[in-house]
1. Checking the structure you have, find out if any residue of region 35-46 is at pLDDT below 70 and in a loop (DSSP other than H, G, I, E, B).
2. When you go through Glu71, Glu58 one by one, which is the residue that is out of contact with any Lys or Arg (no Cβ under 8 Å at 6 or more places or on another chain) and either at pLDDT 90 or above or in a strand (DSSP E or B) (or both)?
Amino acid sequence: MEKLKTPDWILKGKEKPKTKSKPERTFKIRECPKCKSDDVGVVLSGSDNEEGGGKEWECRKCKWTGRNVDEKELTEDEFMKYLDEKGEEVA
């Protein structure tokens with residue numbers, strides 16, 4: 001009687017499935033198109049009465065108002081660099 005041979009897949013070991021890398025986290029910032037300040041906010045007064053119901057933005061620095069605010073998506077590293085350049089403390 002012959003000895004049984006151990007299958008190759010047992011000798012090699014179970015291959016680990018390829019893991020999908022986590023999608024990189026992104027951060028969105030909004031900037032004033034006029035002065036490039038990030039201190040912009042939605043104008044709340046009268047927003048329901050406006051035609052189209054679109055969002056109206058206001059820059060708190062230069063008082064610009066409008067609908068076309070600049071939006072940027074940054075990776076976590078870019079966002080940390082952005083905060084460092086701005087002088088914000090990162091906890």
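1. Here is the first cut: in region 35-46, the residues at pLDDT below 70 are 45-46.
Add one more test, that the residue is in a loop (DSSP other than H, G, I, E, B), and what stays is 45-46.
Within region 35-46, one or more residues are at pLDDT below 70 and in a loop (DSSP other than H, G, I, E, B).
2. On the way: Glu71 fails: out of contact with any Lys or Arg (no Cβ under 8 Å at 6 or more places or on another chain).
So the residue among Glu71, Glu58 that is out of contact with any Lys or Arg (no Cβ under 8 Å at 6 or more places or on another chain) and either at pLDDT 90 or above or in a strand (DSSP E or B) (or both) is Glu58.
The values are calculated or read from the model by the stated rules, or taken from the named source; none is laboratory data. Every value quoted in this text rests on a predicted model; they were computed, and no experiment measured them. Methodologically, a virtual Cβ is constructed for each residue, glycine included, from the backbone with ideal geometry; neighbour enumeration extends over all protein chains shown.
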